[in-house]
Every structure is written in structure tokens, then in C-alpha cells.
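To start, the structure under review is shown below, and the notes come after it.
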């Protein structure tokens, strides 16, 4: 499946009664909520002795993907555009792959 095909298919389940500003708000809130659910699985695995259930973790990642697609839809861009822009930024930031010193310099320069 292509990434934009995912976005199109996923957005078939977007609530059609939401106003445009509420689509964005729902997306951002959903990203926070689903990210919290994913981190809770990892927290329980790392600190409470639970086995990490890959099936459940994948479900949470899928929910995160849905809300990311919704956020893209809300602002009129495709997932492919967002991912491409991110790769361009990463190539500029780390042209030869991750570099610890470059990462530290970014932090020292006040960038996040």
C-alpha cells in the first residue's frame, strides 16, 4: 500500500460532521492520546515486568498513523508530503547519518 492510499482509505472513517477546525483539534488530541497508550505499553514492559505485546503495540501505532493522516487532511497536505519534508530536514541535519557531536551541537545551539 502506498502512503497516500493509506491516508485516503483511513479518511473514509473521518467523522463527516466535524468542522475543519475541529478535525485538526481531534487529530492533535488523538495523537496525544494514542501516543500515551503506546508509551504505557512500553512503560509497563520496561518498569513493571510486562511482556511487550507486539500485536497490541502495532495496533497503537496504527491508531497514531490514523490521527497523523487526519492532521494532514485537516491542513490539506498528504502524508507523503510530510514524510518527504521530514527526510529532507533529516538529510540536511545529518547528511552522513546520525552523528552524536552534531546532535549535541544542535542542543547547545538551542535547537530541539
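Read-outs: derived from the displayed coordinates by stated rules, not from any lab. Remember, predicted model here, so these are calculated numbers, not experimental data. Every residue, glycine among them, receives a Cβ derived from its backbone with ideal geometry; neighbour counts consider all protein chains shown.
Between residue 4 and residue 83, the modelled label-to-label distance comes to 1.2 nm, taking each label 7 Å out from Cα in the direction of the beta carbon. P(r) tail for segment 1-77: Cα pairs beyond 20 Å make up 38% of the total.
When each of the peptides 57-65, 7-15, 89-97 is scored by the mean number of other C-beta atoms lying within 10 Å of its residues, the order from highest to lowest reads 57-65, 7-15, 89-97. Considering all C-alpha pairs of segment 41-112, those separated by over 17 Å amount to 66%.
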